[in-house]
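Everything below concerns the one structure shown next.
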Amino acid sequence: MDVAYGFAALAYSAVGDEARAVGYAEQAREAVLMKDGVWRGDLRIWEKVVGDVRGHWSWRRRAE
């Protein structure tokens, strides 16, 4: 499920929906922790989105 949540987080980030992007990134982070643990590289991606979604490369990539 981390992949699905992650894609949703990136999609919402791309259109500038901060709340949904962070919400799905949190779910992706939790799924990675349950499935793979703290050593998984994907965990850092979702922590970055949760901590600073506007600073992530995906932020507003599909803006008007």
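Of note, Ala28 satisfies the criterion of being surrounded by 14 or more Cβ atoms within 10 Å (Cβ to Cβ), of a type in the set (Gly, Ala, Ser) and under 8 Å from the mean Cα position of the chain (by Cα). Of the candidates Arg29, Arg44, Arg20, Arg40, the single residue that is touching an Asp or Glu at 6+ places or on another chain (Cβ under 7 Å) and of a type in the set (D, E, K, R) is Arg29.
Would it be correct to say that Ser58 is open to solvent by less than 40 Å² (accessible area, probe 1.4 Å), on the phi < 0 side of the Ramachandran plot, not in a helix (DSSP H, G or I) and not acidic (Asp, Glu)? Considered against the rule, which asks whether it is open to solvent by less than 40 Å² (accessible area, probe 1.4 Å), on the phi < 0 side of the Ramachandran plot, not in a helix (DSSP H, G or I) and not acidic (Asp, Glu), Ser58 comes out as yes. Within the range 14-45, being in a loop (DSSP other than H, G, I, E, B) and more than 18 Å from Ser58 (Cβ to Cβ) holds for Asp36, Gly37, Val38, Trp39, Arg40. In the set Ala11, Ala19, Ala25, only one residue is in contact with a helix residue (DSSP H, G or I) (Cβ under 6 Å, 6 or more places away or on another chain) and hydrophobic (A, V, I, L, M, F, W, C); that residue is Ala25. Scanning for something closer than 10 Å to Gly6 by Cα, in contact (Cβ under 8 Å) with a residue 12 or more places away in the chain and not aliphatic (A, V, I, L, M), does the range 32-39 turn up at least one residue? No.
Could you tell me whether the range 33-41 includes any residue that is under 12 Å from the mean Cα position of the chain (by Cα) and open to solvent by less than 50 Å² (accessible area, probe 1.4 Å)? Scanning the range 33-41, I find no residue that is under 12 Å from the mean Cα position of the chain (by Cα) and open to solvent by less than 50 Å² (accessible area, probe 1.4 Å), so the answer is no.
The values are calculated or read from the model by the stated rules, or taken from the named source; none is laboratory data. The model shown is predicted, which means the values in this text are computed figures rather than measured ones. We place every Cβ from the backbone using ideal geometry, glycine too, and count neighbours over all the protein chains shown. SASA here: full protein model, heavy atoms, side chains in, ligands and nucleic acids out. Shrake-Rupley method; radii C 1.70, N 1.55, O 1.52, S 1.80 Å.
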